[in-house]
Amino acid sequence: MAKVRKGIEVSIAMSEAVAQANVDVIAAYPITPQTHIVEHLSEIVADGHLDAEYVPVESEHSAMSVCCGSAAVGARTFTSTSSQGLALMSEIFTIAAAMRLPIVMALANRSLSSPLSIWNDHSDVMSVRDAGWIHVFVESGQESYDHVFTSFRIAEDPAVMLPVAINLDGFILTHMIEPIWFEDDETIRKYLPDMKMKNALHPDNPVSMGCFGMPEIYTEAQMSRQVGVVNSYDTIVKAWKEWGDLTGRYYHPVETYKADDAEYCIVTMGSYGETAMEVVDALRAEGEKVGVIKIRLWRPFPFEDFRKAVAGKKTLIVIDRAISFGGPGGPVASELRSALYGQANAPKIVNYVAGLAGRDVARADFRNIILEGKAKAAAGDVDGFTLYGVRG
Amino acid sequence: MAKPMDQITWQELETGSVVTEIGNARQYETGSWRSERPVVDASGCIKCGVCWLFCPDSCVKQAADGHFEADLTYCKGCGICAKECPTGCIKMVSEEG
């Protein structure tokens, strides 16, 4: 493929990216709203455009099991799921991270049942937050395409060896048609070399994976994982920088928009960043000193980047897309409060949970949230969270 | 294991806790878990090998004379061999006595 700009559905663009990344194995079970990604990949393989095994498994538990087996032999491996599918594969999802298998997943974020819902929020990904994967959030079709390559590059780096989940909002992104730049195959080949796995399963080099661990060794195994995830940060930043140098599209763990001189900022993760920027433009025209802070890298959490981005701000209005029932607020706000605890002159954090299961959060809603959040902070009303728009 | 498991540091673990030393489970002596041990009455043994087949730790070995005996370095004392023995010639005996 030559470098070209296409108007294309984001899911289809992602599958084309997976093909350009020359994956060896895809194992997936279709589930809304991830379906178009895996259906199109199935077509690409069936039509002979990609020399890969497409394993049409009987469940998501099996999908992740196949992915573990294939990554264990050093094959480049991709899968995709959503919501209940992620819940069903959660046992093996954690094992993939613990065994340091460099699988890349497109996680088309969708709410968890019940009530049964196919629409978008972040309750699925938050349920596996602590499984030890690298989690990246994208906000546009272009980012969805780009992050397929950067994620394989990061996952398979010998200094990392971790699975990466590319979180993209279901429907809001997966089913959107956007203009997307496709890079030429030569650029991709240059950026993404073949995987070289030190301890890949092979008869000539027998090893055991996923062994039993007694209390005498389990703690050390977890320490190794913790250090591995934290240390992946350097490789992530480097991989994004090099992608930017090749394509002109640079990504950062925490990104800001009109935040430099802002007194207060709205904080988003995922596709809401695009709407937030538009609303901030309008509010700026009215004289509000407001900006946007976007969390791209969720795990490992970029504490220093975040603290630097919010330095000097009076208030952060954080939009969460999931509830931690009975907890201190949405998962993102909890994280940010924790990141700022004990810091001098830390901004106040006002937390909204909004857009559950695809309930529309339009520009007017962002405006309400931003202005109401600012007033709440001024009044010192900063505990817990507000479930935006709930009736009753 | 190059060194005992309770002395290995996290830095010494392979990425993903992959075990590159083949057959090192042998160095983990599970016999210390045992509260009862199997004792074989050789006069009742028909050398069928059911105990050998069923032992979950593969610690039952066949001696030169064809009889079977558990390797007490690894035998956890689970009693499956005694339960499965078709002639009932294996008895579980308390380690306390």
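Per-structure values
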read-out: For chain A, built as a Gaussian network whose Cα springs stay under 10 Å, the top-fluctuating residue of A:A46, A:A17, A:A96; value: A:A46
read-out: Centroid-to-centroid separation of the range A:273-311 and the range A:326-343 [C-alpha atoms, Å]; value: 17 Å
read-out: A:A378-B:K91 pseudo-label distance in nm [points 7 Å out on the Cα-to-Cβ vector]; value: 9.0 nm
read-out: DSSP-assigned coil residues among chymotrypsin sites (Phe, Trp or Tyr not before Pro) in the range A:179-227, each with at most 11 further Cβ atoms within 10 Å; value: A:F212
read-out: Neighbour-limited loop hits for GluC sites (Glu not before Pro), the range A:260-303 (at most 16 other Cβ within 10 Å; DSSP other than H, G, I, E, B); value: A:E263, A:E286
read-out: Relative packing of peptides A:320-329, A:84-93 - highest average C-beta neighbours within 10 Å first; value: A:84-93, A:320-329
read-out: All aspartates and glutamates inside 14 Å of A:K198 as judged from Cα atoms, apart from same-chain residues fewer than 8 positions distant; value: A:E156, A:D157, B:E14
read-out: Chain B: C-alpha gyration tensor shape, a/c 1.5 cut-off, then a/b vs b/c; value: prolate
read-out: Shape category assigned to the range A:33-104 from the gyration tensor of Cα positions, a/c cut at 1.5; value: oblate
read-out: Probe 1.4 Å, all protein chains present, accessible-area order of A:H202, A:H122, A:H49, largest first; value: A:H49, A:H202, A:H122
read-out: Helix-only [θ]222 nm of chain B, DSSP H runs n ≥ 4, -39500 (n - 2.57) each, per residue, nearest 500; value: -2000 deg cm²/dmol
read-out: Rel. contact order, % - alpha carbon contacts under 8 angstrom, at least six apart, chain A; value: 16 percent
read-out: Computed [θ] at 222 nm, deg cm²/dmol, chain A (DSSP H ≥ 4; -39,500 (n - 2.57); rounded to nearest 500); value: -13000 deg cm²/dmol
read-out: Estimated dipole of chain A in Debye, rounded to 20 [Cβ of Lys and Arg +1, of Asp and Glu -1, Cα centre]; value: 1140 debye
read-out: The range A:23-35 - phi-based ³J(HN,Hα) in whole Hz, Karplus 6.51/-1.76/1.60, Gly and Pro as x; value: 5, 9, 9, 10, 10, 7, 10, x, 8, 5, x, 7, 3
read-out: Most mobile listed residue (B:G23, B:G31, B:G49) in chain B, GNM with C-alpha springs under 10 Å; value: B:G23
read-out: Residue-wise HN-Hα coupling along the range A:278-293, computed from phi with Karplus coefficients 6.51, -1.76, 1.60 (Hz; x: Gly, Pro); value: 4, 5, 5, 4, 5, 5, 4, 5, 8, x, 6, 8, 10, x, 10, 10
read-out: With DNA, RNA and ligands ignored, accessible area of B:S58 (1.4 Å probe; Å², nearest 10); value: 80 Å²
read-out: Förster radius 45 Å - calculated FRET efficiency between B:D57 and A:S42 (Cβ-Cβ, nearest 0.05); value: 0.50
read-out: Accessible area, probe 1.4 Å, largest first, for residues A:M195, A:M176; value: A:M176, A:M195
read-out: HN-Hα J in Hz across the range A:349-362 - Karplus 6.51, -1.76, 1.60, θ = phi - 60°, x for Gly and Pro; value: 10, 10, 10, 10, 9, 9, x, 5, 6, x, 4, 5, 10, 8
read-out: Accessible area of A:H252 in the full protein assembly, 1.4 Å probe (Å², nearest 10); value: 90 Å²
read-out: Trypsin sites (Lys or Arg not before Pro) restricted to the range A:98-200 and DSSP loop, no more than 11 other C-beta within 10 Å; value: A:K196
read-out: Violating pairs (Cα-Cα greater than 27 angstrom) within the set A:K238/A:K374; A:K258/A:K348; A:K241/A:K314; A:K238/A:K348; value: A:K238/A:K374; A:K241/A:K314; A:K238/A:K348
read-out: Residue of A:A200, A:A21, A:A364 that the Gaussian network model of chain A assigns the largest fluctuation, springs spanning Cα pairs under 10 Å; value: A:A364
read-out: Residues listed by number, the range B:69-97, amide nitrogen under 15 Å from B:D41 label point at 7 Å toward C-beta; value: B:82-83, B:85-93
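The values are calculated or read from the model by the stated rules, or taken from the named source; none is laboratory data. Computed from a prediction, not measured in an experiment: that's the story for all the values here. Note that each Cβ is placed from the backbone with ideal geometry, even for glycine, and that neighbours are counted across all protein chains shown. Heads up: the accessible areas ignore ligands, DNA and RNA and are worked out on the full protein's heavy atoms, side chains in. Shrake-Rupley method; radii C 1.70, N 1.55, O 1.52, S 1.80 Å.
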